[in-house]
1. Of everything in the stretch 148-177 that's in contact with a Ser or Thr (Cβ under 9 Å, 6 or more places away or on another chain) and either among the hydroxyl-bearing types (Ser, Thr, Tyr) or farther than 9 Å from ASN194 by Cα (or both), which residue is surrounded by the fewest Cβ atoms within 10 Å (Cβ to Cβ)?
2. Search the stretch 100-123 for residues being among the hydrophobic types (A, V, I, L, M, F, W, C) and closer than 11 Å to VAL142 by Cβ, and hand back the single one that is surrounded by the most Cβ atoms within 10 Å (Cβ to Cβ).
3. Hey, PRO100 hits all of (1) part of a helix (DSSP H, G or I); (2) touching a strand residue (DSSP E or B) at 6+ places or on another chain (Cβ under 8 Å) but one; which does it fall short on?
4. So, of the residues in the stretch 213-259 that are among the β-branched types (Val, Ile, Thr) and more than 22 Å from ALA173 (Cβ to Cβ), which turns out to be surrounded by the fewest Cβ atoms within 10 Å (Cβ to Cβ)?
5. So which residues in the stretch 91-111 are farther than 23 Å from ASN21 by Cα and over 15 Å from the mean Cα position of the chain (by Cα)?
6. Sort out which residues of the stretch 192-220 are in contact with a His (Cβ under 8 Å, 6 or more places away or on another chain) and farther than 27 Å from ASP27 by Cβ, and write them in order of number.
7. Scan the stretch 122-151 residue by residue and report those that are touching a residue at least 60 places away in the same chain (Cβ under 8 Å), over 14 Å from the mean Cα position of the chain (by Cα) and under 20 Å from VAL219 (Cβ atoms).
Amino acid sequence: MIDLRISLVQGATRWHDPAGNRDYYGDLLAPLAGVTDLVILPETFTSGFSNDAIDKAEDMEGPTVAWIREQAARLGAAVTGSAQLRTADGVFNRLLWATPDGALQYYDKRHLFRYAGEHKRYAAGRERLTVEWKGWRINPQVCYDLRFPVFCRNRYDVERSQQLDFDLQIFVANWPSARAYPWKTLLRARAIENLCYVAAVNRVGVDGNALHYAGDSAVIDFLGQPQVETRECEQVVTTTISAVALAAHRERFPAMLDADAFELGVANADR
């Protein structure tokens, strides 16, 4: 691995305005060309977190998928964030992962936010995703997934690769300020227990449901210490995470060698 430059794009997403949000976030991303390796947008960055946005969900051939691919190519960086996307199996809160070579991968939000009724209208994902970028293994997740440590757990392959599943865990979110303390606490917990960096992007402003968002986007190191934290405003920040520091920590404190082995299941995916 080499050191990785990460840009957190914390914006005030427009309500139910995909075209306007693509223009808005495109303007925020423009200065990042050539100066970053990874750009992270919030959850549902084209619409805000809304059950009603399902009626205008695009498909994988729509303008948002084309836009995120274009951004990755123009910036020379991986770009990620989630949007409501329709498939033959339903509408997913789908995190897109685009790279400059035109490749696209995706992760469908596994844990749907029952408190807001997301589980009634959206389809749940089944598989966890790990991508490789610039030598880093990266596990992207979406908002409510943060509350489920088993699904987030960084497993260690003792018999074959003798390595952890990932080096960096990403969370994209629309996490209201009323629950800011759990957001901050759980991000630190995931970094500490998984012996990895965590990069998390939340939105700011007030949405169409009158929910307030304080941002609190951050990059957190393997000790749970914030390397960068954002203020309660529109903000784009870039920081560099250290491959050498991560490797040294894992060698010095190899807790993964004492971890419990298990497999992730999806037995309740249709409930």
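The values are calculated or read from the model by the stated rules, or taken from the named source; none is laboratory data. The structure presented is a predicted model; accordingly, all values stated were derived computationally and were not measured. FYI the Cβ positions are ideal-geometry reconstructions off the backbone, even for glycines, and counts take in every protein chain you see.
1. The first filter runs over the stretch 148-177 and keeps only residues in contact with a Ser or Thr (Cβ under 9 Å, 6 or more places away or on another chain), leaving 165-166, 170, 172-174.
Now drop any that are not either among the hydroxyl-bearing types (Ser, Thr, Tyr) or farther than 9 Å from ASN194 by Cα (or both), which leaves 165, 170, 172-174.
On the way: ASP165: 18, ILE170: 24, VAL172: 30, ALA173: 25, ASN174: 25.
Among those that are in contact with a Ser or Thr (Cβ under 9 Å, 6 or more places away or on another chain) and either among the hydroxyl-bearing types (Ser, Thr, Tyr) or farther than 9 Å from ASN194 by Cα (or both), it is ASP165.
2. Applying the first criterion (among the hydrophobic types (A, V, I, L, M, F, W, C)) to the stretch 100-123 yields 103-104, 112-113, 116, 123.
Remaining after also requiring closer than 11 Å to VAL142 by Cβ: 112-113.
Numbers: LEU112: 22, PHE113: 19.
If we take residues in the stretch 100-123 being among the hydrophobic types (A, V, I, L, M, F, W, C) and closer than 11 Å to VAL142 by Cβ, then LEU112 is surrounded by the most Cβ atoms within 10 Å (Cβ to Cβ).
3. Here PRO100 clears every test but (1).
4. In the first step, residues of the stretch 213-259 are kept if they are among the β-branched types (Val, Ile, Thr); the result is 219-220, 228, 230, 236-241, 244.
Right, trim to more than 22 Å from ALA173 (Cβ to Cβ) and you get 240, 244.
Details: THR240: 14, VAL244: 10.
Per the criteria, the residue is VAL244.
5. Taking the stretch 91-111 and keeping what is farther than 23 Å from ASN21 by Cα, we get 101, 110-111.
Within the stretch 91-111, just ASP101 meets the criteria.
6. LEU195
7. Hits for the stretch 122-151 are TRP133, LYS134, GLY135, TRP136.
Okay, residues lined up against (1) on the phi < 0 side of the Ramachandran plot; (2) touching a residue at least 24 places away in the same chain (Cβ under 8 Å); (3) of a type outside the set (A, V, I, L, M):
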| site | (1), (2), (3) |
| --- | --- |
| ARG5 | yes, yes, yes |
| LEU8 | yes, yes, no |
| GLY11 | yes, yes, yes |
| PRO18 | yes, yes, yes |
| GLY26 | yes, yes, yes |
| GLY34 | no, yes, yes |
| PRO42 | yes, yes, yes |
| PHE49 | yes, yes, yes |
| ASP55 | yes, no, yes |
